[in-house]
1. Looking only at segment 237-286, which residues are part of a loop (DSSP other than H, G, I, E, B), at pLDDT 85 or above and of a type in the set (Ser, Thr, Tyr)?
2. Which of the residues spanning segment 382-434 are in a loop (DSSP other than H, G, I, E, B), under 20 Å from SER315 (Cβ atoms) and under 17 Å from the mean Cα position of the chain (by Cα)?
3. Go through the residues of segment 169-179 one by one and say whether even a single one is at positive phi, in contact (Cβ under 8 Å) with a residue 12 or more places away in the chain, open to solvent by 20 Å² or more (accessible area, probe 1.4 Å) and over 24 Å from the mean Cα position of the chain (by Cα).
4. Among the residues of segment 291-320, write down those that are under 16 Å from PRO358 (Cβ atoms), open to solvent by 20 Å² or more (accessible area, probe 1.4 Å) and either assigned to a strand (DSSP E or B) or among the polar types (S, T, N, Q) (or both).
5. Pick from SER349, SER282, SER327: which is under 29 Å from LEU216 (Cα atoms), out of contact with any His (no Cβ under 8 Å at 6 or more places or on another chain) and surrounded by 13 or more Cβ atoms within 10 Å (Cβ to Cβ)?
6. Quick check on my filter: what residues within segment 140-153 are assigned to a strand (DSSP E or B), more than 14 Å from PRO60 (Cα to Cα) and open to solvent by less than 30 Å² (accessible area, probe 1.4 Å)?
7. Could you check how many residues of segment 187-224 are open to solvent by 10 Å² or more (accessible area, probe 1.4 Å), closer than 21 Å to GLU253 by Cβ and either free of Cβ contacts under 8 Å to residues at least 60 places away in the same chain or part of a strand (DSSP E or B) (or both)?
8. Look at segment 110-139 and say how many of its residues are buried (at least 23 other Cβ atoms within 10 Å of the Cβ), hydrophobic (A, V, I, L, M, F, W, C) and either in a loop (DSSP other than H, G, I, E, B) or within 28 Å of the chain's Cα centre (by Cα) (or both).
Amino acid sequence: MSVQATSEQTGNAFLRCLVTRVKSLFLTVLASVALLSPAHALIEIDITQGNLEPMPIALPVFATNGPQADLGQEITGIVTADLKRSGLFRPIDPAAHIQQNMNVNSSPRFGDWRTIGAQALVTGSISQLPDGRLKAEFRLWDVYAGQQLIGQQFFTTPQNWRRLAHIIADEIYERLTGEKGYFDTRIVFVDESGPKDARRKRLAIMDQDGANVRYLTNGEELVLTPRFSPVSQEITYMSYSGQNPQVYLLNIETGQREILGNFPGMTFAPRFSPDGQRVVMSLQQGGNANIYIMDLRTRRTTRLTNTAAIDTSPSFSPDGQRIVFESDRGGAQQLYVMDANGQNAQRISFGPGRYSTPVWSPRGDLIAFTKVHQGRFMIGVMRPDGSGERVLTEGFHNEGPAWSPNGRVLTFFRDTRGAQGGPQVWTVDLTGYNEQIVNTPNFASDPAWSPLLN
């Protein structure tokens, strides 16, 4: 029986229309197998638990033929790695698979997969069309119910097979957890090379798993604090030419760069508003710093705080109605939340130690922060009212949390001791149990997560 798609959505300009993404799509299934709607699915991960038990999932190598025979292995490997790194899935060793040479258009022998403990099964195939494009199709199966959960197909050019794998992993993640995935994303960071006392710092970008590193600046100028727009592939960052700090707006897709302004004494690069139309930032004047907001269309700047303290590191709530920031107005660095117009500032952190670099979750339910107490650097989260504070990870020097677009995982950087030490990018999920290093060519700091690619 032929496979047919009911709808398609083309990829974004970054991929030059190379990927067609199929949403809300079910493949035609053999007459003996009925589709299972989400309301009747027997397997689902409850991500509201604390310490999750990963779901056993089987991912046989996608069938391939022709000149792209190795791609099945490569794509399956990336999908498997994405799901495993999330901490929510436990891929079953392929050596344990009983059924071999899976056909995406045939019903699996579910008994074979139940025997090895698989709760979910992914089957797929990769083929090359006459026009040179790749066609990928996959099905996700509920092993115990013997039912298909989803089936989708995608089209892309061969050089974009890696992104294709991330998209498939996102679809599997979303179907089994009920929330959007975060694998088809990128992380911008500061690449650091050279001796510790004379580091060359370049702005760089990579896939969320550390692949496809690309440099955005040449290292001739010091770069700091890159921040992604939540709605587009744009970033802000701060650059020093001599002693003159400048804030840039850079479009990742086109490479177009423009100066937002020259702000002497700026302490942190701006963060975008949820709609991407404004940035909020801290400007230093004399011995204190206050928070300002800038409209990116008019370049008009409005002052939000006016104190003799150091108010800095502002971050919008996802609805744009409030701003969290750090301030020493009470005598030590603590976190405060105020209305987006600068009114009604309220302190929310009251634990021991100093709090800094707050950033609001895209889901709105939590604020991440860096905390220093008794010489230990911690990455933690709390609710917007300050309740429910939890430390996710701690170490010699952890700093700079940034959220994945689904609000489940944080990236941050961790320094290592000694003359040969340096920062590295890590991720940790909200349970605090799943901590992963992201391998980069050199030392790396100040990571920031992109929104999902379109």
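1. Residues satisfying the conditions are THR254, SER273.
2. Those that are in a loop (DSSP other than H, G, I, E, B), under 20 Å from SER315 (Cβ atoms) and under 17 Å from the mean Cα position of the chain (by Cα): SER404, PRO405, ASN406, GLY407, ARG408, LEU430.
3. Within segment 169-179 (the criterion being at positive phi, in contact (Cβ under 8 Å) with a residue 12 or more places away in the chain, open to solvent by 20 Å² or more (accessible area, probe 1.4 Å) and over 24 Å from the mean Cα position of the chain (by Cα)), the answer is no, since none of the residues qualifies.
4. Passing the criteria: only ILE310.
5. SER282
6. ASP142, GLN148, LEU149, ILE150, GLY151, GLN152, GLN153, listed by residue number.
7. 9
8. Total meeting the criteria: 8.
The values are calculated or read from the model by the stated rules, or taken from the named source; none is laboratory data. All of these numbers come straight from a predicted model, not from anything done at the bench. Don't worry about glycine lacking a Cβ; one is built from the backbone with ideal geometry, like all the others, and counts go over all protein chains shown. Side chains are part of the model used for accessible areas, which takes the heavy atoms of the whole protein and leaves out ligands, DNA and RNA. Shrake-Rupley method; radii C 1.70, N 1.55, O 1.52, S 1.80 Å.
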